Amino acid sequence: MDNTLTGILQAINQSIFQRNGPFLGNLLSIRKDAKSLRELVLSGRFINPDHEISRILFDPLWVDVVSCFWKTSLALENKRDIVEATNEQSAAVLKGLLTWEAWVLPVLFAVCRDLEFLAFRADLFLRSKNEKAEKSEEAARMINKAFTICITDRAPIEMSRKWGTYYIIGVLFKIYFKINKFSLSKNVLRAIEVSEMPPLECFPKSHVVTYKYYLGVSAFLNEEYLVAETELMTSLELCQKNSLKNLELILTYLIPTLLLTSQKMPSSALLSKFSRLKDLYEPLKKYIRKGNLRGYDKLLLKKEKELVTRRIYLIIERIRDTCMRNLFRRVFLLNGGNTRIPIEQFHIALKHSGLDNDIAETECFLANMIYKVTMLHTSRTADDYFITKRSFS
């Protein structure tokens, strides 16, 4: 491809004529690795290419759209106004929404993904200036329009924009998660329930993985842990085993979910592939098995900021009960399995593990354990437990 303005515009013409959505999406992307308009912006040879754009592009519907993409790249590269870049990207989405057909879905995916990225950076910039940061919320509203257009498309299914629904949902939910307004996802899920959509298994697996991941995260945040386990496990099983970044995101919520619901621990083989998860869960496993409350609490304090950021602090705190249960179980075994053990022995064990409490609190802990029937569970093997039957080796 001729890497000049004329060459790129002719490539855009050819992509439109051939209805080559993936290549056109790459041409119009702001990603640094894309052979696109942005690459031409880097050369700094053109300041105002509007005349050339309108002269060369044969489809007038694309003139304004491509002009918006140019202005987005220019504002982004000159670093003079990330907010302006976000506004131009929004304009590009808005201009294309009503006219783009199903074959242009890859372009819609690219512009929505880029808009989410730009809006996040724009908000960071605005906060640094102590200004109101609402670009991500504005981007969410714009992408919600794209979702509505996709899900309500009445074209025959083979030519329908409904095939872009779950990808757009993934981008939308990512924004909701970042701006801490994931409750807004309920409206989207309700729209899915009442719409006539093709079966989920007919959609690209990558779209389904992301959709199931966010369903699991939604259930996780609502403390519906059994639902979260099902959705996250499905996402994990469908995810490509070489997509380590995506696997780590899924496991970030699946591991604590399984620790809470069924005391299933991740294998060392699995954790070895993810340094951040290994740094947290290898010592956590050791403390849980040994009933080491002192070590558990120190690790919780050390990782508090990270756990709060990832919104898993509360569940890791709740899993502490499993650590205490194992401490009490050790007292039970040291007494030869005797069912009548003085409370003082449990109290001493708690003090030895770094918990400074009185006898009454010890009685309360024991009562809670008995209520949860955790003291009646059979002993579990000390071997590593593989979360999934799939091999990640």
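The numbers here are math on the coordinates, done by the rules we state, and not lab data. On a predicted model such as this, the values are computed, not experimentally measured, just so you know. FYI the Cβ positions are ideal-geometry reconstructions off the backbone, even for glycines, and counts take in every protein chain you see.
Quick notes on this structure:
- Distance from the alpha carbon centroid of region 326-368 to that of region 168-224 works out to 44 angstrom.
- Of (i) 0.94; (ii) 0.97; (iii) 1.10, the label for Rg/Rh (Cα atoms, Kirkwood Rh) derived from the coordinates: (iii)
- By the count of neighbouring beta-carbon atoms within 10 Å, fewest first, Ser160, Ser128 end up ordered Ser128, Ser160.
- GNM remark for the chain: springs join alpha carbons under 10 Å apart, and the peak mean-square fluctuation among Lys285, Lys302, Lys162 falls on Lys302.
- Listed from fewest to most Cβ neighbours within 10 Å, the set Val83, Val217 follows the order Val83, Val217.
- Over region 5-153, Cα pairs under 8 Å with separation of 6+ residues give a relative contact order of 22 percent.
- Qualifying GluC sites (Glu not before Pro) in region 84-181, DSSP loop, other Cβ atoms within 10 Å at most 15: Glu101, Glu131, Glu134
- Under a model in which nothing but the beta-carbon of Lys, Arg (+1) and Asp, Glu (-1) is charged, region 269-376 shows a dipole of about 680 debye around its Cα centre.
- Out-of-range pairs (alpha-carbon distance over 28 Å; input Lys71/Lys212; Lys178/Lys241; Lys273/Lys302; Lys241/Lys302; Lys178/Lys305; Lys132/Lys212): Lys71/Lys212; Lys241/Lys302; Lys132/Lys212
- Selection from His207, Gly354, Thr322, by position along the positive dipole direction of the chain (Cβ): Gly354
- Whole-Hz couplings from phi, Karplus 6.51/-1.76/1.60, listed for region 301-318; x for Gly and Pro: 5, 5, 9, 4, 4, 5, 5, 5, 4, 8, 6, 10, 4, 5, 6, 5, 5, 5
- Across region 236-247, coupling constants 3J(HN,Hα) worked out from phi with the 6.51/-1.76/1.60 Karplus curve, θ = phi - 60°, read 5, 5, 7, 6, 5, 6, 8, 8, 5, 5, 5, 4 Hz, and Gly and Pro carry x.
- Nearest-20 debye value, the chain charge dipole, Cβ charges on Lys, Arg, Asp, Glu: 1120 debye
- Nearby aspartates and glutamates by direct alpha-carbon distance to Lys351 (threshold 13 angstrom, same-chain neighbours under 8 apart not counted): Glu361
- The order of Met142, Met369, Met265, going from fewest to most other C-beta atoms within 10 Å of their C-beta, is Met369, Met142, Met265.
- Comparing Lys71, Lys303, Lys264 in a Gaussian network model of the chain (Cα springs below 10 Å), the most mobile by mean-square fluctuation is Lys303.
- Our helix-only sum for the chain, with -39,500 (n - 2.57) per DSSP H run of n ≥ 4 divided by its residues, gives a mean residue ellipticity at 222 nm of -21500 deg cm²/dmol.
- Calculated SAXS-style log₁₀ I(q)/I(0) at q = 0.12 Å⁻¹ - region 199-319, Debye, Cα scatterers: -0.43
- Reach of Lys286 by Cα under 15 Å, taken over aspartates and glutamates that are not fewer than 8 positions away in the same chain: Asp297, Asp321, Asp383, Asp384
- Shape call, region 5-153: gyration tensor on alpha carbons, a/c limit 1.5: oblate
- Residue with peak Gaussian network fluctuation, the chain [Cα springs, cutoff 10 Å], from Glu229, Glu317, Glu248: Glu317
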